[in-house]
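Okay, structure first, notes after.
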Amino acid sequence: MSVKVDEITLSNGQKVPVLGLGTWQGGDDPAAVGKAVKIAIDAGYRHFDCAAVYGNEEDIGQAIKEKIEEGVVKREDLFIVTKSKPGEVKEAVKCAIQVGYRHIDTAFFYENEKEIGQAIEEKINDGTVKREDLFITTKLWCNSHKEGEVVPACKQSLQNLGLDYVDLYLIHWPFAFKSGTELTPRDAAGKIEFQETDYLETWKGMESCKQQGLARSIGVSNFNSEQLERLVANAQIKPVNNQVEVTLNLNQKPLLEVCKKLNVTVTGFSPLGRPGNRYGIKNLWDEPEIQELAKKYNKTGANIACRFLLQRGVTPIPKSVTPSRIKENFDIFNFNLTPEEITKIEAMGTGARVAPFTEAKDCTFYPFKIPF
Ligand code: NDP
């Protein structure tokens, strides 16, 4: 299979393949956290990094479920990160490049830039692609938001990836953590240590990345309409892209209009709505309307979800480490939803977010204080 993926053009002329591979191994898989989690939830912990407990999946998922049922915590108050097995993302990226993906999304926070770099190097060395055929995005993490920290952070990501430049560098979230090497710095009580660095300051560092040729383009992620408008009004180099959650549930219609007006393209993360991990968020794939469309076009629910984004001008970046799904998610270029079908799907959205990052809700720059 070797379909050439269409491209959209950023405001600075750079082209982006309209489908990308997501690589965050997270998700909040209830089948991927541990028994200790129960005690930790009682103690007040709300953020779980589950790499260390990989293997206890079922127990851990069950623990969370029980704590939710007991009313100790709500699903939306928890931030759960799981990590893939070593080498899994590398194989996924190699498989994706072979299938025809040319756009790969990662972030410093995902701690998989090295594996992705190795996969890219191998696919370049075996002649499948050239560097210039690939569009690689990575993101600045919240612990490096001071102006002077941005270029070193970008250089670190480039070193991890083994690349001279990334195609797109994004501010991952508009709010900042305490500066330092800790990915998620916490105080003695287990609370994230935030810092009120203005993203306009961070943006100056991003502009330096672009000026130094470390990033071909610069943009943001998880910015709301007001933050984006403020940034565009104050930036010397305008952001070209906003990566935000876009799903069947959260179709982002109003934010898409603002982005269009500002000449900012949109990448849609969690485009599949992280299926299987809902904890009460209804996965719209299972709804008869979506199932009927899947049947009509001889596609899957995942295909309908990604095509829905694509036809609304959003670049979906579905994540999978499963070769059959990587192929399945690429199979979205040979059918068209009708305008009526798109309108019907838009009307189904409940507005539920899979990535609300509620632990940051008291920060000045928390983006979800306003509807869009
Ligand atoms: P997705 O909506 O892409 O869902 C990923 C999950 O769906 C995985 O569990 C995957 O399993 C499963 N899956 C993939 N394809 C299929 C299929 N065809 N049928 C059934 N299940 C499937 O969620 P993500 O949150 O991972 O979002 C995608 C990407 O967006 C991330 O990987 C990351 O790159 C980016 N992102 C960015 C954020 C930001 O703040 N900027 C926040 C969140 C995500 P498996 O891998 O086992 O096949």
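The values are calculated or read from the model by the stated rules, or taken from the named source; none is laboratory data. Every value quoted in this text rests on a predicted model; they were computed, and no experiment measured them. Heads up, the Cβs are rebuilt from the backbone with ideal geometry, glycines too, and the neighbour counts pull from every protein chain shown.
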Inset, instruction - Scan the stretch 217-227 and give yes if some residue there is more than 22 Å from R353 (Cβ to Cβ) and touching an Asp or Glu at 6+ places or on another chain (Cβ under 8 Å), otherwise no. - result: yes
Legend entry - Selection count where residues are more than 16 Å from the ligand (Cβ to nearest atom), within 22 Å of A360 (Cα to Cα) and aliphatic (A, V, I, L, M), scope the stretch 140-182: 1
Legend entry - A63 being surrounded by 18 or more Cβ atoms within 10 Å (Cβ to Cβ), within 14 Å of the ligand (Cβ to nearest atom) and modelled with pLDDT under 85: no
Inset, instruction - Pull up the stretch 83-111, narrow it to residues that are outside any helix (DSSP H, G or I) and at pLDDT below 95, then point me to the one that is nearest to L168 (Cα to Cα). - result: E111
Inset, instruction - State whether one or more residues within the stretch 338-353 are within 14 Å of the ligand (Cβ to nearest atom), under 18 Å from V246 (Cβ atoms) and either surrounded by fewer than 15 Cβ atoms within 10 Å (Cβ to Cβ) or assigned by the TED database to the domain that holds S225 (or both). - result: yes
Inset, instruction - From the list P356, P323, P318, pick out the single residue that is touching a residue at least 12 places away in the same chain (Cβ under 8 Å), within 16 Å of the ligand (Cβ to nearest atom) and over 29 Å from K295 (Cα atoms). - result: P356
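A quick yes/no check of all residues on (1) at pLDDT below 95; (2) in the same structural domain as I290 (by the TED database); (3) among the aliphatic types (A, V, I, L, M):
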| position | (1), (2), (3) |
| --- | --- |
| E182 | yes, yes, no |
| F194 | no, yes, no |
| Y199 | no, yes, no |
| W203 | no, yes, no |
| L214 | no, yes, yes |
| L231 | no, yes, yes |
| P254 | no, yes, no |
| K260 | no, yes, no |
| N263 | no, yes, no |
Legend entry - Unique residue being touching a Lys or Arg at 6+ places or on another chain (Cβ under 8 Å) and within 12 Å of the ligand (Cβ to nearest atom) when the list is N222, N249, N241, N263: N249
